[in-house]
Amino acid sequence: MPDGAPKKPSRIQQRNRHLILDAALDVFSTHGYRGTTLDQIAEAAGLSKPNILYYFSGKEEIHVTLLNQLMETWLDPLVELDAAGDPLTEIMGYVHRKIDMARDLPRESRLFAGEILQGAPRMHPHLVADLKPLFDEKCAVIQGWIDAGKLAQIDPEHLIFSIWSTTQHYADFDAQVQVLSQTDPIDGARTYLDTLFRRVLSV
């Protein structure tokens, strides 16, 4: 290893960082940023508070680390929307990927929602630098499909907003959904949203 090069974290250090971040994701997604304490994270991770502070400078660094990791995951389903593909197939694929995320990543969805509800104080740079260009690019793709007569006349921005709101709802409001739904909510959502968006988009 060259002199001055950072040492690779040991297996124990990697494990402890993973424990801390996984525990913090649980706590932040349940209590929000303001309602979360280092003591809660330490208890959930099964580590002492000084041990937490060995790996992270404080609650904010843990939160920012989780948000940074989340952003790529959050953008990937929209990145996959392919301008060369069949428009309806591509959009429905995006809807399905988002509902799968609501099922598979509910903690991450609530973490993201909590940050946005606070005004995105820690994620705002990512929204500007990463999400906005991607969002504009995909809106232009959808508008191109509309102009070519391949999709119904609809506002691309509000179409994407609608997809977000109707899919992420199942993660962010899971407690309510579980009480009210008489069937598996994700299976029902997939069928319902497929029908809804196909009817809205079909020419």
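Each reported figure results from applying straightforward, stated rules to the coordinates on display, with no laboratory input. What you see is a predicted model, and the numbers here were worked out from it, not measured in a lab.
Return one number: the angle in degrees, 0 to 90 and rounded to the nearest 10, between the long axis of the Cα atoms of helix 106-117 and the longest principal axis of the Cα atoms of the chain. For 106-117 against the chain, the angle is about 90 degrees. Judged by the ratio a/c of the largest to the smallest principal axis of the C-alpha gyration tensor, segment 74-191 counts as oblate, that ratio being 1.5 or greater while a/b is no larger than b/c. Dividing the helix sum by the residues of the chain, where each DSSP H run of 4 or more adds -39500 (n - 2.57), gives a mean residue ellipticity at 222 nm of -24000 deg cm²/dmol. Here the Gaussian network model covers the chain, with springs between Cα atoms less than 10 Å apart; of VAL27, VAL128, VAL177, VAL128 fluctuates the most.
Compared with the dominant principal axis of the Cα atoms in the chain, helix 11-35 is inclined by about 60°.
Given 20 °C and 1.002 mPa s, how large is the Stokes-Einstein diffusion coefficient of the chain in µm²/s, with Rh as the Kirkwood radius over Cα pairs? Roughly 112 µm²/s, to the nearest whole number.
With contacts taken as Cα pairs under 8 Å at a separation of at least 6 residues, segment 61-201 carries a relative contact order of 35 percent.
The count of lysine pairs in the chain with alpha-carbon distances below 21 Å, taking only pairs 8 or more places apart or on different chains, stands at 4. Give me the compactness ratio for segment 16-122, meaning the Cα radius of gyration over 2.2 N^0.38 Å. Ratio of Cα Rg to 2.2 N^0.38 Å: 1.26.
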